[in-house]
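Structure first, commentary second.
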Amino acid sequence: MAKKTVKLKMNIDIERCKGCLLCVDICPQKALAMSSKVNKRGLRYAVLKYPEKCTGCGLCALMCPDCSITIEEDK
Amino acid sequence: MTKKFTKPRSMKDAATHYCPGCGHGLIHRLICEVIDEMDARENAIAIAPVGCAVLAYDYWDFDTMEAPHGRTPAVATGVKRILPDRLVFTYQGDGDLAAIGTAEIIHAGNRGENISVVFVNNGVYGMTGGQMAPTTLLGQRTATSQFTRRADKEGFPLKILEMMAVLPGVTYLERTSVHSPGDVMNTKKAIKKAFHLQLEKKGFTMVEVISPCPTYWGLTPIEAMERIKKEVVKEYPLGVVKDGG
Amino acid sequence: MKEKYLSTGNEACGEGAIRAGCRFYGGYPITPQNELIAYMSRRMDEENRIFIQSESELAAINMVLGASAAGARAMTTSSSPGISLKQEGISYLAGCELPAVIVNVMRGGPGLGNIAPAQGDYFQATKGGGHGDYRMLVLAPASVQEMFDFTYEAFALADRYRNPVMVLTDGMLGQMMEPLEFDKGIKPSGIVDKPWAMTGAKGRKAGSVKSLFLGEGVLERHNKKLQEKYQRMSDKEVKFEAYKTEGAEIILIAYGTVSRITRACVDTLAEEGVKAGLLRPVTLWPFPCAEISRLAKKGTKFLVVEMNAGQMVEDVRLAVQDDKRVSFYGRMGGEIPSEEEIVGEVRKIRKGK
């Protein structure tokens, strides 16, 4: 039976992100990093530095205190 | 299997005023996830504290009201007695619950009020600038324990959950944390259990959540989570303190 | 059909609340209103409503806050020191625009004082007590019948204005027994819809009951709205009783227990050929300043009699605008002035002393 693999995509709303880095710390694939730029509130934010490493596990979203991260099917 | 993770329906769009890495944002979201999963949005009435979470009504998309500092369980009592089939819960910090509101929380528990309490314990008074809380650890420096908390002058960290356990009207007490994904999931489970017990009319339920305050602990958010893991849970052990449900 | 009972003031007050449809009562024992809380303990249970003897007066006013926010008619009662404890809650009720009835059965103060009747909480009731710019209607019964009538009416007023209302009485009125009459089938009056109540956001947007407004200018706008409401209350709800005030050369001004004594003084003085009158404020807020000003235009003198060191007299002075014509006689610490003392004061004033 063919297994249908679904690629999951992780998005960060950079304006909601406060740069707490909890997601960067928890990511088992070390796919996330802090940006060098700042958002409108003057805060640096998390970026998906290595998108190919993301497995969509959701640990980042789980630890995010600001609902900045969404995980969706990558269509 | 498609996995989706988004902001819960019961959470409003507004970005929160909480500091980066504050536990409130996490715990707010968990409460909203539970309320969504229980389809309880139209049934929920929350009583917000005085403290950093005083603005909870800006973030929760269900009926939320204010209470004077510490009186939250008394206000919740008034609401729940009038509307016994609603999901009535309080959300309180360590000043609101363990200092000024100690009489109210004990007596709400002693009367076996059928309400749920989410007690956010971050060992410090955030809103007012980082003063000592009843739950501040010995040896912790705060704005009002400038020489660190000393037992002979400032007393000991207060264990409300353990105190409440002796009350027959209290059904379920659990202490959880948010310092790791597993603990975040446990917190959500505990809140869900408390809410279900309430709707089953099983009595008073309370979840104490050990939460970080990076700003007034003087740590980065990641370090703050580490501090919970290494220091705070030694003083405030995680787990079920009472389960009569 | 009206039924007649012999009742204490405290119990009449409680029954007035029951008949007004009070669904929640929270209170703590304190003399001289313990009969009231005991009465409510029995009657609320009989009527299948909620009675809680709370852990403190603080908890009681906050339970009332919650019950009121949930849309119920709610009441708490206490006496002077307990009312001091409730001030924060009263301010919150006003700020959140929540209806509630608070009964103060006054006793001697300050501090622990004594358990005798007094009127030392006039300032506290009418000038704030709690923090911030708020007002509440203050009703002052002077008989057991009025303890029932005014408490019954207070719930309708509270709902009409979405505001706390106080019934200000004293230990004597609370404990004395007099006939009480009311229609056995009396129903609650002034019932209004409460779309703002915290009942769960079914079929509507989520609401919040709060008094915190941090945005720029928002709290001032909220306060302006409150002040407009208080102006409406002031315009519409003034009540007083005038006894032989027209053409009087001296008008006694008193409320509650003292008004009963001064009424007798008016009659005693009439026998001596002295044209005296009694103006009895029924609402202490709003205060009947317009009526007092009107009477003052005729050159009358005023004697304000209170069981305190001189509180309501300040409002009378403001209304009369002529200090020479306003005198004060008071007893403090739970002492009750006698007819002889008051009549003696009037004689002194007439002699120009």
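Please treat every number below as a calculation from the coordinates, not as lab data. Since the model is a prediction, treat every value here as computed from it, not as a measurement. Methodologically, a virtual Cβ is constructed for each residue, glycine included, from the backbone with ideal geometry; neighbour enumeration extends over all protein chains shown.
Between 0 and 90 degrees, rounded to the nearest ten: what's the tilt of helix C:9-19 against the longest Cα principal axis of chain C?
40
Counting just the Cα atoms, what span does the range C:104-210 cover along each of its three principal axes? Round to the nearest Å and put the largest first.
In descending order, the Cα extents are 52, 40, 18 Å.
As I understand it, the value is the acute angle between the Cα axis of helix C:339-350 and the longest principal axis of the Cα atoms of chain C; what does it come to in degrees, rounded to 10?
Approximately 60 degrees, to the nearest ten.
Can you pull the mean other chain C-beta count within 10 Å for peptide C:46-54?
If you average over the peptide's residues, the count of other-chain Cβ atoms is 3.
Got a sec? Charge dipole of the protein assembly as shown, +1 on Cβ for Lys and Arg, -1 for Asp and Glu; which of B:Gly109, B:Pro134, A:Ile14 is way out at the positive end?
Result: A:Ile14, furthest along the dipole toward the positive end.
Mind checking the full-extension length gain between C:Met177 and C:Leu6? Use 0.36 nm per residue of separation minus the Cα-Cα distance, one decimal, nm.
60.9 nm
Measuring from the lowest to the highest alpha carbon on each principal axis, how far does the range C:252-353 reach, largest first, in angstroms?
Projected onto the principal axes, the Cα atoms of the range C:252-353 cover 31, 30, 23 Å.
How much of the pair distance distribution for the range A:8-73 lies past 13 Å, counting alpha-carbon pairs only, in percent?
Here the tail beyond 13 Å accounts for 56 percent of pairs.
Given +1 on the Cβ of Lys and Arg, -1 on the Cβ of Asp and Glu, and no further charges, what dipole in debye does the range B:30-76 carry about its Cα centre, rounded to the nearest 20?
That gives a dipole near 360 debye.
Any idea what angle helix C:34-46 forms with the longest principal axis of chain C, computed on alpha-carbon atoms, 0 to 90 degrees, nearest 10?
40
In whole Å and largest first, what semi-axes does the C-alpha gyration tensor of the protein assembly as shown yield when each eigenvalue is scaled by 5 and square-rooted?
The equivalent ellipsoid of the protein assembly as shown has semi-axes of 58, 24, 23 Å.
Using only alpha carbon pairs under 8 Å that are at least six residues apart, calculate the relative contact order of chain B and give it in whole percent.
19
So what is the diffusion coefficient of the range B:63-194 in µm² per second by Stokes-Einstein at 25 °C and 0.890 mPa s, using a Kirkwood Rh over Cα pairs?
155
Through the Karplus equation 6.51 cos²θ - 1.76 cosθ + 1.60, θ set to phi - 60°, convert the phi angles of the range C:95-110 into ³J(HN,Hα) values in whole Hz; use x for Gly and Pro.
Karplus values, whole Hz, x for Gly and Pro: x, 7, 6, 10, x, 6, 10, 10, 10, 10, 9, 5, 9, x, x, x.
Rounded to the nearest 20 Debye, what is the dipole magnitude of chain C about its Cα centre when Lys and Arg each give +1 and Asp and Glu each give -1 at the C-beta?
Here chain C has a charge dipole of around 1040 debye.
Between the range B:165-220 and the range C:264-310, what's the alpha-carbon centroid distance in Å?
Computed from Cα coordinates, the inter-centre distance equals 62 Å.
Where Lys and Arg each count +1 and Asp and Glu each count -1, what net charge lies around C:Leu98 among other residues with Cβ under 12 Å from its Cβ?
+1
Out of C:Gln227, C:Gly256, C:Leu295, whose Cα points farthest toward the positive end of the dipole of the range C:200-353 (charges: +1 Lys, Arg; -1 Asp, Glu; placed on Cβ)?
Of the options given, the answer is C:Gln227.
If you take each beta carbon of peptide C:131-143 and count the beta carbons of other chains within 10 angstrom, what is the mean?
Whole-number average of other-chain Cβ neighbours for C:131-143 is 0.
Among C:Ala59, C:Met1, B:Thr6, which residue has its Cα furthest toward the positive end of the charge dipole of the protein assembly as shown, with +1 on Lys/Arg Cβ and -1 on Asp/Glu Cβ?
Of the listed residues, the answer is B:Thr6.
Would you kindly enumerate the cysteines in chain A that have no other Cys beta-carbon under 4.7 Å from their beta-carbon?
That list is A:Cys17, A:Cys20, A:Cys27, A:Cys54, A:Cys57, A:Cys64, A:Cys67.
Compute, for the range A:1-64, the length of the dipole vector about the Cα centre, with Cβ point charges of +1 (Lys, Arg) and -1 (Asp, Glu) only. Units Debye, rounded to 20.
The calculation lands at about 140 debye.
Please compute, for peptide A:21-27, the average count of beta-carbon atoms on other protein chains lying within 10 Å of each residue's beta-carbon.
Mean shielding by partner chains, rounded to a whole number: 4.
Give me the one-decimal nm value for the distance between modelled label points at B:Thr6 and C:Ser338, 7 Å along each residue's Cα-to-Cβ direction.
About 8.3 nm separates the two model spin labels.
Beyond 21 Å between alpha-carbons counts as too far, so tell me which of A:Lys30/B:Lys12; B:Lys4/C:Lys205; A:Lys18/B:Lys7; B:Lys4/B:Lys188 fall in that bin.
A:Lys30/B:Lys12; B:Lys4/C:Lys205
Please work out the C-alpha center-to-center distance from the range B:22-83 to the range C:123-180 and express it in whole Å.
33
Expressed as a rounded percentage, what relative contact order does chain C have, with Cα pairs under 8 Å and six or more residues apart?
Here the relative contact order equals 18 percent.
Please report the Cα spread of chain C along all three principal axes, rounded to whole Å, starting with the longest.
Here the spans come out as 71, 50, 41 Å, largest first.
Using amide H atoms built in the peptide plane, which far-off residues or other-chain residues are under 5 Å from B:Val117 H to H?
Residues meeting the criterion, in which the H sits 1.01 Å from N, are B:Thr90, B:Thr205, B:Met206, B:Val207.
For a quick check of your reading of the filter: which trypsin sites (Lys or Arg not before Pro) in the range B:136-180 sit in a DSSP loop and have no more than 14 other Cβ atoms within 10 Å?
B:Arg150
Compute the Kirkwood hydrodynamic radius of chain B, taking the inverse of the mean of 1/r over all pairs of distinct Cα atoms, and give it in Å to one decimal.
For chain B, the Kirkwood estimate is 17.8 Å.
Can you list which of the chymotrypsin sites (Phe, Trp or Tyr not before Pro) found in the range B:82-178 are DSSP loop residues with at most 12 other C-beta atoms within 10 Å?
B:Phe147
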